[in-house]
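K.L.:
The structure is given below, and queries will be raised subsequently.
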Amino acid sequence: MGSWGPRLLAALAASLMFGGLAQAAFSPIDPFEQTTAMRRGVNILGYDPLWKGGKARFTNRHLALIKQGGFDTVRINMEAFSHMDAKGVIDPRWLKTLDGFVEAGTREGLTVILDEHNFNECGQYPDDCRPLLVAFWRQLGEHYQDAPNTVVFELLNEPNRGLDDDRWNSLLLEALAAVRISNPTRNVIIGPSFWNSIDHLPALRLPEHDRHLIATVHYYTPMEFTHQGAKWNPDTFKLSGVTWGSPADLARLEADFDKAQAWSVANRRPILLGEFGAYDRAAMVDRARYTAAVAHAAEARGWAWAYWQFDSDFVVYDIDKDAWVEPIRKALIP
């Protein structure tokens, strides 16, 4: 049957499940094996107008293009809090929209990561975030408890500010417990505080007994290069013409990833590099060089990765032109 056989069968089972014709039996998978299968991914749908009632830019057709382009995984960025009522109940219309993308991505043979992306709200208002996050994962866990193992949960993107190490370590246990009620062995992705920083991995406290966890980190170092001209970053938005690719730049990348790999080995946890990339204001030659170097460094250590992002900014696919940004795609998929 070949290496694709089990994944094609899983996709078929998922298609039947979501179509209401049959129910797929969830089968646990080792988190290291899952990480190997995730391999190369891309972030999608984070800022699409469809979530606010506008015309969708991203459609199911793009999931097929992502697969054809050489990617194995999509990370769906869900800002779910605005789609929950005063009692914390998820809007069924929002769930139906999400189901459509999960079904289509799974049918294409992609791993689908469901990433709760309300990191700004949780960082600014951690006490308000706690009950919402727990309620969200209790409901989403129940909703997808029979989905195939190619559907993976990510508790929260980039905990930050008020969600410091201690508060995040406490909250992640509550959110994970909400998932485990209905999904005791589904793999769940969890990263450290301070925007999923590699430097905060040693402070991340994952429950030792739960071996169905994947650690995640994000990497945009150095920010002076990757975020030059980014209007939302007051430290870098006035910068321009910053280049990347010197021996010192490459050495820093290797040293940073070596730190994360040492943590991975010591704690027996696989790693997903959940976001990386360089903003569009940098020179394309440097963006491509940086993107290729980071992706290769992750792959060399056996990590999966998900590029930030398909559409909007840091773009790898120009939806308006209906074409790949080839220097970036080729940097990711040689």
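The numbers here are math on the coordinates, done by the rules we state, and not lab data. A quick note: this is a predicted structure, and the numbers were derived from the prediction, not measured. Methodologically, a virtual Cβ is constructed for each residue, glycine included, from the backbone with ideal geometry; neighbour enumeration extends over all protein chains shown.
K.L.:
Of the residues Ala323, Ala300, which is free of Cβ contacts under 8 Å to residues at least 12 places away in the same chain, closer than 21 Å to Trp263 by Cβ and exposed (fewer than 14 other Cβ atoms within 10 Å of the Cβ)?
P.N.:
Ala300
K.L.:
Quick check on this structure: which one of Ser264, Ser312, Ser240 is farther than 25 Å from Asp48 by Cβ and in a loop (DSSP other than H, G, I, E, B)?
P.N.:
Unique residue meeting the criteria: Ser240.
K.L.:
Just give me the residues in region 23-57 being buried (at least 19 other Cβ atoms within 10 Å of the Cβ), outside any loop (DSSP other than H, G, I, E, B) and β-branched (Val, Ile, Thr), in sequence order.
P.N.:
Correct list: Thr35, Val42, Ile44.
K.L.:
Report yes if Arg269 is touching a Ser or Thr at 6+ places or on another chain (Cβ under 7 Å) and among the charged types (D, E, K, R), otherwise no.
P.N.:
no
K.L.:
Looking at (1) buried (at least 18 other Cβ atoms within 10 Å of the Cβ); (2) hydrophobic (A, V, I, L, M, F, W, C); (3) assigned to a helix (DSSP H, G or I), can you tell me which one Val112 breaks?
P.N.:
(3)
K.L.:
Suppose we filter region 198-215 for residues that are aliphatic (A, V, I, L, M), assigned to a helix (DSSP H, G or I) and crowded, with 18+ Cβ neighbours inside 10 Å; how many remain?
P.N.:
Number satisfying all stated conditions: 2.
K.L.:
Among the residues of region 74-109, which ones are surrounded by 15 or more Cβ atoms within 10 Å (Cβ to Cβ), assigned to a loop (DSSP other than H, G, I, E, B) and among the aliphatic types (A, V, I, L, M)?
P.N.:
Ala80, the sole residue that qualifies.
K.L.:
Within the set of pairs 6 or more residues apart or between chains, which connect a residue that is on the phi > 0 side of the Ramachandran plot inside region 220-247 to a residue that is exposed (fewer than 14 other Cβ atoms within 10 Å of the Cβ) and of a type in the set (Ser, Thr, Tyr) with Cβ atoms less than 9 Å apart?
P.N.:
Here the result reads Gly229/Ser240, each pair linking region 220-247 to a residue that is exposed (fewer than 14 other Cβ atoms within 10 Å of the Cβ) and of a type in the set (Ser, Thr, Tyr).
K.L.:
Restricting attention to region 163-197, which residues are surrounded by fewer than 21 Cβ atoms within 10 Å (Cβ to Cβ), in contact (Cβ under 8 Å) with a residue 40 or more places away in the chain and assigned to a loop (DSSP other than H, G, I, E, B)?
P.N.:
Matches in region 163-197: Ile181, Ser182, Thr185.
K.L.:
Now for a separate question. Could you check region 44-97 and list, in sequence order, the residues that are under 17 Å from Leu132 (Cβ atoms) and among the aliphatic types (A, V, I, L, M)?
P.N.:
Across region 44-97, the qualifying residues are Met78, Ala80, Met84, Ala86, Val89, Ile90, Leu95.
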